[in-house]
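One structure below.
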Amino acid sequence: MGMLPLVLMFVVLYFVMIRPQMKRQKEHKAMIDALAKGDEIVTSGGLLGKVAKMDDNFLSVEVASGVEVKVQRSAVVQVLPKGSVK
């Protein structure tokens, strides 16, 4: 009976914190795997741009006409709808 509160706390912790975080990680990995050349993205640093070149671990992001920045794939936070970056 003494272990019941400890087990109950772990179950609540799992459903409140651990499970949603695992779901977010899975969605982020799927988004990164689905990236393609020409996609418009936002990085964790706040850069907006279009994917110009792709590598296994890095992306070249065109932030202005003729200006490319190399970022890690994991730095991509969001894929924007086409036409968002002008």
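One table, with the values for the structure above:
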| quantity | calculated |
| --- | --- |
| Only Lys, Arg (+1) and Asp, Glu (-1) charged, at Cβ; the chain dipole about Cα centre in debye | 180 |
| Shape of segment 46-86, Cα gyration tensor, a/c cut at 1.5 | oblate |
| Charge sum, other residues only, whose C-beta stays under 12 Å from K29's C-beta, Lys/Arg counted +1 and Asp/Glu -1 | +2 |
| Listed residue (I18, M31, A64) projecting farthest to the positive dipole end of the chain, Cβ model | I18 |
| GNM result for the chain, Cα springs below 10 Å: residue of V12, V42, V71 fluctuating most strongly | V12 |
| Relative contact order computed over segment 36-86 (Cα-Cα under 8 Å; 6+ residues apart), in percent | 38 |
| Cα-based helix-to-principal-axis angle, 19-33 vs the chain, degrees rounded to 10 | 20 |
| For mean projected area of the Cα convex hull in nm², calculated from these coordinates, the label among [x] 7.1; [y] 8.2; [z] 9.3 | [x] |
| Rounded FRET efficiency, nearest 0.05, which uses the C-beta distance separating M3 from L35 and R0 of 41 Å | 0.35 |
| Crossing angle, helix 4-13 versus the chain [Cα axis fit, 0-90 degrees, rounded to tens] | 10 |
| Neighbour-count ranking [beta-carbon atoms within 10 angstrom, fewest first] of M22, M31, M3 | M3, M22, M31 |
| Sorted by Cβ density within 10 Å, fewest first, the residues L4, L59 | L4, L59 |
| Relative contact order [Cα under 8 Å, 6+ residues apart], the chain, whole percent | 24 |
| Ranked list, fewest to most other Cβ atoms within 10 Å of each Cβ, for I18, I41, I32 | I18, I32, I41 |
| For the chain, built as a Gaussian network whose Cα springs stay under 10 Å, the top-fluctuating residue of K70, K23, K37 | K23 |
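Every read-out reported here was derived from the displayed coordinates using simple, explicitly stated rules and does not represent laboratory data. Only a predicted model underlies this, so the values are computations on that prediction, with no experimental measurement involved. Glycine also receives a Cβ, built like all others from the backbone with ideal geometry; neighbour counts cover every protein chain displayed.
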